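Let me begin by presenting the structure, written as structure tokens, before commenting on it.
The values are calculated or read from the model by the stated rules, or taken from the named source; none is laboratory data. Quick caveat: nothing in here was measured; it's all calculated off a predicted structure. Heads up: the accessible areas ignore ligands, DNA and RNA and are worked out on the full protein's heavy atoms, side chains in. Shrake-Rupley method; radii C 1.70, N 1.55, O 1.52, S 1.80 Å.
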Amino acid sequence: MSKKILSAVLAAAMTAMLAACGGSSTATTAAPAETKAEETKAEETKAEETKAEESKAEEAPAAELETVQKGKLVMVTNAEFPPYEFHDQNAIVGIDVEIAGAIAEQLGLELEIEDIAFDSIIPEIVSGKADIGAAGMTVTEDRKQNVDFSDTYAHATQVIIVKEDSEIKGVADLEGKIMGVQQGTTGDIYVSGDYGDAAVERYAKGMEAVQALAQGKVDAVVIDGEPAKQYIKEVEGLKIIDESYTDEDYAIAIKKGNTAMVEAVNAALAELKSEGKLDEIVAKYIQAEE
Ligand code: GLN
């Protein structure tokens, strides 16, 4: 485990310790703040001190990060979202898979991937079946009610895919049209919010929405920009229009209140960013525009 991550884990353990002994301070990293907290606590009863000692004894050796399965970092994803996660023969590969792999490595854990429906990812995190949800997942205020998010690691957009000869040239032309989306994604949420449920056809996979467009079943598809670029390479006669629908950021979803995991993932992400490893992973899957 690297020093930075170890200190994040320790900081989280300290926060838990302070919370356990009734301290209200959340600052755990700066030594002066701790000293001050010690001073103000000097008058607290002996009994409480004993309790604090006990919990310290319990926490100290277990600076290890708690995970759903011991020694593993369980990631849930939906591997239908190239280049972030997709099937390559029997393997699941992609940007998120490599980022999660690098995070697991830094935390001294073995990465385990579970491929599930996109709209099951948050429920699996909420019910504690997985440690992280990494799925090109956009941070939204609604999702934040149910899960915590790591720092963001990618910027994204929702784009509009149409047939090459479509009369749809921009967002303003979507009024009165039928849009294909992937169920439960931000494309689904925002388009149905803006135009109503009747304007939306939902598909389990992004590629299915794109095929429906090619077959003339919908007028446009609203979906994340990077997968869109991949899909239109595979299906003829389609294009992405210049104006994008939204700007978004991707982050890793973590069970609400699991501060230790959020801090450990953020420390690992920061290290990947500063080492240039994150850029390296992205460059492997996303070529600069020709
Ligand atoms: N970014 C979109 C969302 O978070 C789509 C993600 C996906 O389909 N994997 O809703």
Quiz item: What ranking of ILE189, ILE241 comes out by heavy-atom accessible area, probe 1.4 Å, highest first?
Solution: ILE189, ILE241
Exercise. Indicate the gyration tensor shape class of segment 125-188 (rounded, prolate or oblate), computed on the Cα atoms with a ≥ b ≥ c the square roots of the eigenvalues: a/c under 1.5 is rounded; otherwise a/b larger than b/c is prolate and the rest oblate.
Key: prolate
Quiz item: How much accessible surface does SER274 have with a 1.4 Å probe, in Å² rounded to 10?
Solution: 90
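Once you order the gyration tensor axes a ≥ b ≥ c over the Cα atoms, which shape class does segment 153-290 get: rounded for a/c under 1.5, otherwise prolate or oblate by comparing a/b with b/c? Let's see the in-between values first.
Working: a/c = 2.59, a/b = 1.67, b/c = 1.55.
It comes out prolate by the Cα gyration axes.
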Quiz item: Roughly how much of GLU167 is accessible, in Å² to the nearest 10, using a 1.4 Å probe?
Solution: 130
Quiz item: So which of LYS256/LYS284; LYS177/LYS229; LYS72/LYS284; LYS169/LYS217; LYS217/LYS277 end up more than 30 Å apart, counting from Cα to Cα?
Solution: LYS256/LYS284; LYS217/LYS277
Self-check item: Cα shape, segment 74-120, gyration tensor, a/c 1.5 rule
Solution: prolate
Quiz item: What share of Cα pairs, in percent, lie more than 23 angstrom apart in segment 60-214?
Solution: 44
